[in-house]
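Quick notes on the structure that follows.
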Amino acid sequence: MIDIFNKFYKGKRVLVTGHTGFKGSWLSIWLNELGAEVTGIALNPFSDRDNYVLSGIGKKIKADIRADIRDGALMKQIFVEYQPEIVFHLAAQPLVRLSYEIPVETYETNVMGAINIMEAIRATKSVKVGVMITTDKCYDNKEKLTGYKEEDPLGGYDPYSSSKGACELAIQSWRNSYFNPTDYSNKHNMSLSSVRAGNVIGGGDWALDRIIPDCIRALEAGKPIEIRSPKAVRPWEHVLEPLSGYLLLAKKMWEKPKEYCEGWNFGPEMDAVLNVWDIATAMIESFGYGDLKDVSNPNALHEAAILMLDITKAKNRLGWRPRLDAKQTIALTADWYKRYKNEDVYNLCIEEIECFLRK
């Protein structure tokens with residue numbers, strides 16, 4: 001049973017930015033199955049093998065719109081036309097290494113794009129809930145062995161991470177200035193939160209410089225999997241883990257708008273905090289073939305060696321917790337890539353959501 005939200009989303013007008021992306025496509029599929037009226041705003045998908053393309057979700061939702069979130073006037077027009085009640089903002093430039101090449105575009109998209117969405121929310125009275133998706137990399141990462149909590153300092157070494165830290169500051173500012181919970185029902189009727197997930201993996205992701213797509217491309221080509229940062233430690237989680245948290249949080253924000261409008265971490269349990277080499281090894285074991293090749297370069301662009309999240313707050317206050325351990329996460333991810341060429345991908349995604357919810 002896909003609906004664990006007591007029919008809350010049935011008939012709700014939900015706008016998803018970045019719906020052609022990896023996380024956005026999965027969220028749109030889940031929302032569609034929950035009976036929501038989904039409007040998607042995004043650029044074109046990265047490849048013709050993306051989950052968005054193969055699942056055909058763009059043809060199933062209410063509106064599938066190509067638009068750039070850097071165009072603030074256009075965002076306001078779309079919001080006025082479709083009158084969303086709930087907004088999930090996922091659209092972003094999401095890659096660390098690419099951000100070194102296009103730092104200005106990264107900031108324009110990740111900071112000003114988010115501000116444009118919040119301004120569109122502010123101009124559209126129908127919106128009651130806004131969930132702004134950032135990243136675990138928004139924290140000022142000191143590469144400590146304990147997880148970051150929501151109140152820890154924001155920051156970021158590289159342009160991508162720092163853009164997300166800046167985005168978080170903008171979200172805080174807009175919440176304080178325009179959507180302050182103390183002014184709810186007097187000056188506004190909006191609840192705004194930000195959410196930070198770990199390294200998300202799952203079927204249908206073909207982005208560059210991500211370990212799972214790198215693994216699959218190498219396995220399908222019969223080549224060794226090249227590992228840039230074999231010892232880098234990340235909080236790996238299946239894409240459905242944070243999405244279940246986002247959906248739960250939005251429901252609670254709708255029901256109690258003054259209690260949940262803040263920052264939230266959605267990461268895995270500590271047993272899923274593995275290094276890159278171990279993740280790639282597990283994928284090889286799941287497929288039953290393949291080899292690894294260490295191509296680490298001491299002069300490579302800086303990427304964090306360790307990053308972990310503390311999810312105590314989400315557990316205690318939302319009643320959310322991860323459903324999959326590391327082995328189950330990798331198995332479910334591999335399942336999609338083993339089957340996508342020969343099956344109806346939309347139905348495959350539904351099956352995987354149902355499998356996830358049974359855990």
If we keep just the residues of segment 311-359 that are part of a loop (DSSP other than H, G, I, E, B) and modelled with pLDDT under 95, which is nearest to Ala197 (Cα to Cα)? Asp325
Given the condition more than 23 Å from Cys261 (Cα to Cα) and surrounded by fewer than 24 Cβ atoms within 10 Å (Cβ to Cβ), answer yes or no: does some residue in segment 84-91 qualify? no
In segment 103-112, anything farther than 13 Å from Thr17 by Cα and touching a residue at least 40 places away in the same chain (Cβ under 8 Å) is listed as Pro103, Thr106, Tyr107, Val111, Met112
Scanning segment 77-101 residue by residue, those assigned to a helix (DSSP H, G or I), within 25 Å of Asp209 (Cα to Cα) and in contact (Cβ under 8 Å) with a residue 12 or more places away in the chain turn out to be Val96, Arg97, Leu98, Ser99, Tyr100
State whether one or more residues within segment 8-28 are part of a loop (DSSP other than H, G, I, E, B), surrounded by fewer than 19 Cβ atoms within 10 Å (Cβ to Cβ) and of a type in the set (Lys, Arg). yes
Taking Val233, is it among the β-branched types (Val, Ile, Thr) and at pLDDT 95 or above? no
Near pairs, Cβ below 6 angstrom, 6+ apart or cross-chain, from segment 2-19 (within 23 Å of Met75 (Cβ to Cβ)) to any residue that is surrounded by 14 or more Cβ atoms within 10 Å (Cβ to Cβ) and among the aromatic types (Phe, Trp, Tyr): Val16/Phe88
Name the single residue, out of those in segment 94-110 being modelled with pLDDT of 95 or more and under 16 Å from the mean Cα position of the chain (by Cα), that is surrounded by the most Cβ atoms within 10 Å (Cβ to Cβ). Asn110
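The values are calculated or read from the model by the stated rules, or taken from the named source; none is laboratory data. The model shown is predicted, which means the values in this text are computed figures rather than measured ones. Every residue, glycine among them, receives a Cβ derived from its backbone with ideal geometry; neighbour counts consider all protein chains shown.
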